[in-house]
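Each remark here refers to the structure printed beneath this line.
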Amino acid sequence: MRGSALPYELAGRLVVGIASSALFDLAESDKVFREQGEEAYRAYQQEHLDDTLIPGVAFSFIRRLLSLNDLAEASDPLVEVIVLSRNDPDTGLRVMRSVQAHGLPISRAIFMQGRSPYRFMPALSMCLFLSANRDDVREAVAMGLPAGHVLGPAVEDDAGNRDLRVAFDFDGVLATDASERVYQAGGIEEFRAHEVANTQIPHDPGPLRDFLAAVNRIQQHEENERRKDPDYRIRVHVSIVTARNAPAHERAVMSLRGWGLRVNDAFFLGGIDKGTIMTVLKPHIFFDDQAIHLASTARTTPSVHIPFGQLNATPPSTASDGREA
């Protein structure tokens, strides 16, 4: 790389930061750190350097997202994934060797001993950061950065299947929680009246609006491919799954239109358990700002908590999330 004449530009690509704790299952490593301390943890990682880590919650999502780079020239990929880790470079070697062993085209990483590198997200043009460290995610969101805490199972992934299904909640995820605040203050009828009165006024963008915009750009590449090849099968499918129902549904649709964005499907559930929908929809990742919904979806679906807005102002009182990030 010393002879490279031009810098590698990230602007215009879909750039995701992934903590090693979201990409791989690090429960065993983290247990060593919690029970025996940092030196034992370092020794453990060196001893197991060539033991490939098993996939974590976000592994399938990341693998399928990266597979979309076949829609562009190899020298100009649509998607860039960068590892952001609390490991130091030495103990981070196992993570990168595992990346290679799984055949993931990830070559860039930031290792910062004991600190999370999420502060570098703007410099790296990232529209999403995923981690299993809840505190890091909360700090990133408090800084106005698009971050999420991964929850749920690491589902088995068919390596031969490259479809990608992404599902979003709407309020507090794609949009701000302004309407949710109306609901919390005045109840369901006041919320509905507010949304009907403001149907034609798009919501202010929420933390993941730009991530959806980047996904839409890839979907446009797929549409271009289908125009050239009628046999091309669309791989990316986007849904919103929201507790809104009629008449409040209309403003959500009009907001997407006002932002110049789109989704393939919309589920306006009006209080129906989202977990039951996920068992049929089977997204590779689902984003929601409310823990009550994620408690249901995370039983079967890789889920991500976006701790944004008033409902997430007070974090739950639990123990530290451990060493990894």
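Read-outs: derived from the displayed coordinates by stated rules, not from any lab. Quick caveat, the model's predicted, so the values are computed rather than measured. Ideal geometry is used to build each Cβ from the backbone, glycine not excepted, and the neighbour counts take in all protein chains shown.
Per-structure values
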| item | result |
| --- | --- |
| Listed peptides 27-33, 203-209 by packing density, highest first (mean Cβ within 10 Å) | 203-209, 27-33 |
| Farthest positive-ward along the chain dipole, Cα basis, beta-carbon charges - from Leu49, Ala213, Ser107 | Ala213 |
| Per-residue Cβ neighbour rank within 10 angstrom, fewest leading, Asp136, Asp90, Asp210 | Asp90, Asp210, Asp136 |
| Footprinting exposure proxy for Thr242, Thr52 (fewest neighbouring C-beta atoms within 10 Å first) | Thr52, Thr242 |
| Taking region 164-312 and dividing mean pair separation by its residue count, relative contact order in percent (alpha carbons under 8 Å, at least six apart) | 32 |
| Using θ = phi - 60° and Karplus 6.51 cos²θ - 1.76 cosθ + 1.60, couplings along region 178-188 (whole Hz; Gly, Pro as x) | 4, 6, 4, 5, 4, 4, 5, 7, x, x, 5 |
| Length-normalised contact order for the chain - Cα pairs under 8 Å, 6+ apart - percent | 22 |
| Point-charge dipole on Cβ atoms (K/R +1, D/E -1) for region 38-158, about Cα centre, debye to 20 | 360 |
| For region 31-64 and region 248-270, distance of Cα centres in Å | 40 |
| Three-way shape label, region 14-151, alpha-carbon gyration tensor, a/c 1.5 | oblate |
| Separation between Cα centres of region 147-170 and region 70-144, rounded to whole Å | 17 |
| Cα centre as origin, Lys/Arg/Asp/Glu Cβ charges: region 130-178 dipole, Debye | 80 |
| Helix 27-36 vs. the chain, principal-axis angle (Cα, 0 to 90°, nearest 10) | 60 |
| Mean Cβ neighbour count within 10 Å, used as a protection proxy, ranking 174-184, 231-241, 151-161, 262-272 highest first | 174-184, 231-241, 262-272, 151-161 |
